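Reading through the structure tokens given below for one structure.
Any read-out appearing in this document is the output of simple, stated calculations on the displayed coordinates, not a laboratory observation. No experiment lies behind these values; they were computed from the predicted model shown. Cβ atoms come from the backbone with ideal geometry, glycine included; neighbour counts cover every protein chain shown.
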Amino acid sequence: MDRISYQIYEMLHLAFAPARALTDATMQLLKSPFHPFANTTLARNLSASAELFERMTRRYGKPVFGLHTTSIGGEEVPISEEYVWTRPFCKLLRFKREFSGVAPQQSKLLIIAPMSGHYATLLRGTVEAFLPSHDVYVTDWTDARAVPMSDGHFDLDDYIDYLIEIMTHLSKLNDGAPLHTLGVCQASVPLICAIASMEAKDDPHTPESMVLMGGPIDPRVNPTMVNRLAQERGIGWFKQHCIHSVPFPNPGMGRKVYPGFLQLSGFMAMNIERHVSAHFEMFNHLVEGDGDSAERHRDFYDEYLAVMDLTAEFYLQTVEEVFVKHAIPLGLYRHRGAVIDLHAIHRTAIFTVEGEKDDISGVGQTYAAQELCAKIPAARRLHYVQEGVGHYGVFNGSRFRQEIAPRIRDFFGAMEKTQAAAAE
């Protein structure tokens, strides 16, 4: 049954299609101003029920960033999106700011989105916060179900290779601007490994700094339920219960993956009461005609429920090396045959950020990078714990905008000044 659940999921999705179409038509009819009972309590209840059914049975597509402008020096600057580097499993997306005059001299910022189920658009708020001050790029990972088998496999080693290629590509751009990097959650691990690999080879394209946000650098520290689950069940359980083949007619048909719908069920199960309560609240908002509150709910769940498949080899290697063997902090992880030694990092500055209430990467797991990167000078390292936020509050929300993002921008500026002073 485990091996065919993906096919069953696809069949159920198709089976519900007529019902979704009917409820959508019913909802539109009941909301029509020409319907004689449009504003009655009964019509609003039926319309709210139809909308919730349609939303709970649909498949959510990849969201858009929707960042069209930013404000720089009091000027409203238009933004266009362009891909500047492409591989089968990732495209590097640049948020190009269309200045009317001479563009200001600003450093480049590479934001590495986590490959942990959600799309890069989950970092919309992170990107938006840095658009006024930096030339921003983000890794836009591809849903594995959309990648044909002919494009090969993708594992943690490939992830690290991609990051090295991207950093080298951005470093070689002729504008001469410094390159900063920011890894969110799971992405912190391949980012620090990629930089360690580059530093070990004295690569001239290593970035100016790395910011690691809520990442499991050492899951042995203050372990959470997620960490304990990996330890208790072992890699064999994940192979047996989490890996499935992409079914027909998807482009990636036959590819072994950790399906997005399974990941989503895990996300929801961790806070099921909150999600059920949120949907009841949305129902009430729709019945009461509170459009603003209902729209906020739609926006959040349009993003939260949009998930992507991960390749089996990437998922299993990450679980085994990071969460079961703890190979990164123990210095046992090998990338392309070479041991990843975090002590090799000595030029790239480091800023670690954690959330006080993070229940996915416990406080201390990201800070561990400070101790492991012992050769980075004290003047080029910083750590910050944000009070009152959980995992997602580390890179999104009001406290991120008001407390965390300004500290990161100040850190980037300070590191550039120390490097400039050292070069004189």
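Checked against (1) touching a His at 6+ places or on another chain (Cβ under 9 Å); (2) within 18 Å of Ala327 (Cβ to Cβ), Lys172 meets all criteria but (2). Restricting to the range 372-387, name every residue that is under 28 Å from His326 (Cα atoms) and not in a strand (DSSP E or B). Across the range 372-387, the qualifying residues are Leu372, Cys373, Ala374, Lys375, Ile376, Pro377, Ala378, Arg380, Glu387.
Of the residues in the range 70-87, not one is in a loop (DSSP other than H, G, I, E, B) and under 18 Å from Ile408 (Cβ atoms). If you go through the range 97-139 one residue at a time, how many are crowded, with 19+ Cβ neighbours inside 10 Å, of a type outside the set (Gly, Ala, Ser) and closer than 28 Å to Met415 by Cβ? Summing the residues that are crowded, with 19+ Cβ neighbours inside 10 Å, of a type outside the set (Gly, Ala, Ser) and closer than 28 Å to Met415 by Cβ in the range 97-139 gives 21. Among the residues making up the range 140-161, those that are in contact with a strand residue (DSSP E or B) (Cβ under 6 Å, 6 or more places away or on another chain) and surrounded by fewer than 22 Cβ atoms within 10 Å (Cβ to Cβ) are Asp140, Asp157. The residue of the range 178-196 that is surrounded by the fewest Cβ atoms within 10 Å (Cβ to Cβ), among those that are of a type in the set (Gly, Ala, Ser) and out of contact with any helix residue (DSSP H, G or I) (no Cβ under 7 Å at 6 or more places or on another chain), is Ala187.
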